[in-house]
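The values are calculated or read from the model by the stated rules, or taken from the named source; none is laboratory data. The structure presented is a predicted model; accordingly, all values stated were derived computationally and were not measured. Note that each Cβ is placed from the backbone with ideal geometry, even for glycine, and that neighbours are counted across all protein chains shown. These accessible areas exclude ligands, DNA and RNA; they are computed on the full protein's heavy atoms, side chains included. Shrake-Rupley method; radii C 1.70, N 1.55, O 1.52, S 1.80 Å.
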Amino acid sequence: RLARLVRTDLGSTTSLGAPLLTSSVLPSAQTTIAGQSFSWSQGLILNHTYVAGTDLISRYQKVYATGRLLGDGVNEETTTQAVNPTLMTSGVVPGQDVLTSDGSSLRSGIFFMSTNLLLGDGILVSDGILVSDGILVSDGILVSDGIIVSDATLQAQSALLCGDNTSSMR
């Protein structure tokens, strides 16, 4: 239903906030397939947050243009995120928390953690076990301890150093 309502004359010159749909009446945010009904998420996931708001389906967002990335719609600082006002309208609101889904919309559920923890000085990125503390990267269990490289068989080591014995690698 929603796809049929989207204007077909949208392009790179369409202004931010122009009507996105051919109707001013928004469709119900629910779909039924094979007798099973479910609610739409009513949002988009972007980089380290999500955005929600009826402007996502009622107003043209510049991030919808060909060659744009949805993630460009949010400006990120070290500890904050905000909608990029040149690419998204003020009716699009970024989420401030990561939620455990309750099965309804994207911005409904039980608090898990702040989205700020996903940014530059956050637990998962700069203090991150997988990135800067580097169990897989800087501590090098797979690289410097060489579980896969140095403990490998002679044939596997040869392939790692010289490539496999195919015409592409000679």
For segment 33-71, enumerate the residues that are in a strand (DSSP E or B) and within 15 Å of the chain's Cα centre (by Cα).
-> G43, L44, I45, L46, T49, Y50, V51, A52
Some residue of segment 39-60 being modelled with pLDDT of 90 or more, within 21 Å of A3 (Cα to Cα) and open to solvent by 80 Å² or more (accessible area, probe 1.4 Å) | yes
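Which residues, taken from segment 1-32, are part of a helix (DSSP H, G or I) and surrounded by 10 or more Cβ atoms within 10 Å (Cβ to Cβ)? Even if it seems obvious, please write down each step before you answer.
Let us first name the residues in segment 1-32 that are part of a helix (DSSP H, G or I), namely 2-5.
The answer is L2, L5.
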Regarding L10, is this residue more than 29 Å from M113 (Cα to Cα) and at pLDDT below 90?
-> no
Could you list, in sequence order, the residues of segment 61-86 that are under 25 Å from S114 (Cβ atoms), β-branched (V, I, T) and at pLDDT 90 or above?
-> V63, V74, V83
Would you pick out the residues in segment 87-103 that are at pLDDT 90 or above and touching a helix residue (DSSP H, G or I) at 6+ places or on another chain (Cβ under 7 Å)?
-> L87, M88, T89, G91, V92
